[in-house]
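Written out below as structure tokens is the structure these notes cover.
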Amino acid sequence: MPKIIVEIMPKKDLLDPQGKAVANSLHREGKKEITAVRIGKRIELHFDREITDQDLEMAKGQAANFLSNDVIEDVVAVTKED
Amino acid sequence: MKIGVITYPGTLDDRDAQRAIRLAGGTPVPLWHDDDDLKKVDAVVLPGGFSYGDYLRCGAIAAKAPATKEVIRLAAKGLPVLGICNGFQVLVESHLLPGGLIRNEKQHFICRDQKLRVENNETAWTSLFEKDQEILIPLKNGEGGYIATDDTLKMLEQENRIAFRYVENNPNGSMNDIAGITNERGNVVGLMPHPEHAVEAGFGPDTPTAMRSGIDGLLFFESVLKMVVNS
């Protein structure tokens, strides 16, 4: 199924409590080589036809204006997947 | 005087807001998120709760609702709008107010009576307060930490657009102790604490005078009613 994948991460300078909790747990398991964990979002937009360049542009617009909030998050990638 | 209160799926405090409007002397008008007819109301309250289950981000989906789109259109023409808690989150997601709200600094949901200082008493919703008046109203939220870029904070400070600041303690890590802000025109106000829960003696916060006697929230609604009558 053709889809567009939008990946969003919390901004670097913002506290990511989920990531911190997971990192603490990994450290408890002895995985000390992992220095930090950050958790973001992966959003899939599904299509029932081939994805066009316009679709990708539309998705980039939605990623910037609706799917993320630029005060607290960064859109890391908007990619096509067949 | 008709004041609309929008109910989204997941809104909790719509009936409390309606009651506050009634106690202030206005006529509350229930509005539905999926209807862009605002029934010719003179002002609108976006109440607290968890609209659309806080999915995506708090307030993000409500910001796209038909009723909200109409609020955005009419706010540009001067319609008074008050966003309380989740309503404040809807206002920042709608870009009617700048900045954003993130999880409380210490990660806990906080529910308590909170002292605020009225920094700007020239908005549609604060005109009956004295400048720098200290008020006590309930606060209850999990994502109430106000953040904005340095430029936005500077602009808010310089243009006197910080409507309320937390006094004595900052409960959620909000930048510059910001509890609520207003737009340039002063018709749109958003804050995290809940004025609608402090409007009737016997049901408000405790005060030095008597238990549950705090009614500082009433002036929000009386302020807007006075402004609408005078215009």
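The values are calculated or read from the model by the stated rules, or taken from the named source; none is laboratory data. Here the structure is a predicted model, which means the values were calculated and not measured. Neighbour counts run over all protein chains shown; Cβ positions are idealised from the backbone, glycine included. Each accessible area value is taken on the protein alone, full model and side chains, heavy atoms only, with ligands, DNA and RNA left out. Shrake-Rupley method; radii C 1.70, N 1.55, O 1.52, S 1.80 Å.
If I filter region B:166-216 down to residues being among the acidic types (Asp, Glu) and open to solvent by 10 Å² or more (accessible area, probe 1.4 Å), which single residue comes out as nearest to residue B:15 (Cα to Cα)? Show your work before the answer.
Within region B:166-216, the subset among the acidic types (Asp, Glu) is B:168, B:177, B:184, B:196, B:200, B:206, B:216.
The next check asks that each one be open to solvent by 10 Å² or more (accessible area, probe 1.4 Å); those that pass are B:168, B:177, B:184, B:200, B:206, B:216.
Details: B:168: 30, B:177: 29, B:184: 29, B:200: 14, B:206: 22, B:216: 18 Å.
Ranking the candidates gives B:200 first.
For region B:59-89, what are the residues that are of a type in the set (Val, Ile, Thr), out of contact with any helix residue (DSSP H, G or I) (no Cβ under 7 Å at 6 or more places or on another chain) and under 22 Å from residue B:195 (Cβ atoms)?
Restricting attention to region B:59-89, the residues satisfying the condition of being of a type in the set (Val, Ile, Thr) are B:61, B:68, B:71-72, B:81, B:84.
Those still in the list that are out of contact with any helix residue (DSSP H, G or I) (no Cβ under 7 Å at 6 or more places or on another chain) too: B:71-72.
Across region B:59-89, the qualifying residue is only B:71.
Can you name every one of the strands (runs of 3 or more DSSP E) wholly within region B:128-201 that holds 2 or more residues which are within 14 Å of chain A (Cβ to nearest Cβ)? Break it down stepwise before answering.
On the way: elements: B:134-141, B:145-147, B:162-166, B:178-182, B:188-191.
Strands (runs of 3 or more DSSP E) meeting the threshold: B:145-147, B:178-182.
Return the residue satisfying two criteria in turn: it lies in region B:17-44 and is touching a strand residue (DSSP E or B) at 6+ places or on another chain (Cβ under 9 Å) and in contact (Cβ under 8 Å) with a residue 60 or more places away in the chain, and of such residues it is nearest to residue B:80 (Cα to Cα).
Of all residues in region B:17-44, those touching a strand residue (DSSP E or B) at 6+ places or on another chain (Cβ under 9 Å) come to B:17-22, B:24, B:26-33, B:37-44.
Next cut, in contact (Cβ under 8 Å) with a residue 60 or more places away in the chain only: B:17, B:19-21, B:24, B:26, B:42-43.
On the way: B:17: 15, B:19: 18, B:20: 16, B:21: 14, B:24: 16, B:26: 14, B:42: 7, B:43: 5 Å.
If we take residues in region B:17-44 being touching a strand residue (DSSP E or B) at 6+ places or on another chain (Cβ under 9 Å) and in contact (Cβ under 8 Å) with a residue 60 or more places away in the chain, then B:43 is nearest to residue B:80 (Cα to Cα).
For residue A:56, only one of the following conditions fails: (1) surrounded by 12 or more Cβ atoms within 10 Å (Cβ to Cβ); (2) within 30 Å of residue B:109 (Cα to Cα); (3) of a type in the set (A, V, I, L, M). What is its number?
Here residue A:56 meets the rest and fails (2).
From the residues in region B:70-102 that are in a loop (DSSP other than H, G, I, E, B) and in contact with a strand residue (DSSP E or B) (Cβ under 7 Å, 6 or more places away or on another chain), which one is nearest to the other protein chains (Cβ to nearest Cβ)? Outline the logic, then answer.
Filtering region B:70-102 down to residues in a loop (DSSP other than H, G, I, E, B) leaves B:76-80, B:85, B:94-99.
Keeping just the survivors that are in contact with a strand residue (DSSP E or B) (Cβ under 7 Å, 6 or more places away or on another chain) gives B:79-80, B:85, B:96-97, B:99.
Working: B:79: 23, B:80: 25, B:85: 17, B:96: 14, B:97: 11, B:99: 6 Å.
That would be B:99.
Is there a residue in region A:31-50 that is within 12 Å of chain B (Cβ to nearest Cβ), closer than 20 Å to residue B:60 by Cβ and surrounded by 15 or more Cβ atoms within 10 Å (Cβ to Cβ)?
So the first thing to find is which residues in region A:31-50 are within 12 Å of chain B (Cβ to nearest Cβ), and the list is A:41, A:43.
With the extra rule that they be closer than 20 Å to residue B:60 by Cβ, the set shrinks to A:41, A:43.
If we keep only those that are surrounded by 15 or more Cβ atoms within 10 Å (Cβ to Cβ) as well, we get A:41, A:43.
Yes - at least one qualifying residue is present in region A:31-50.
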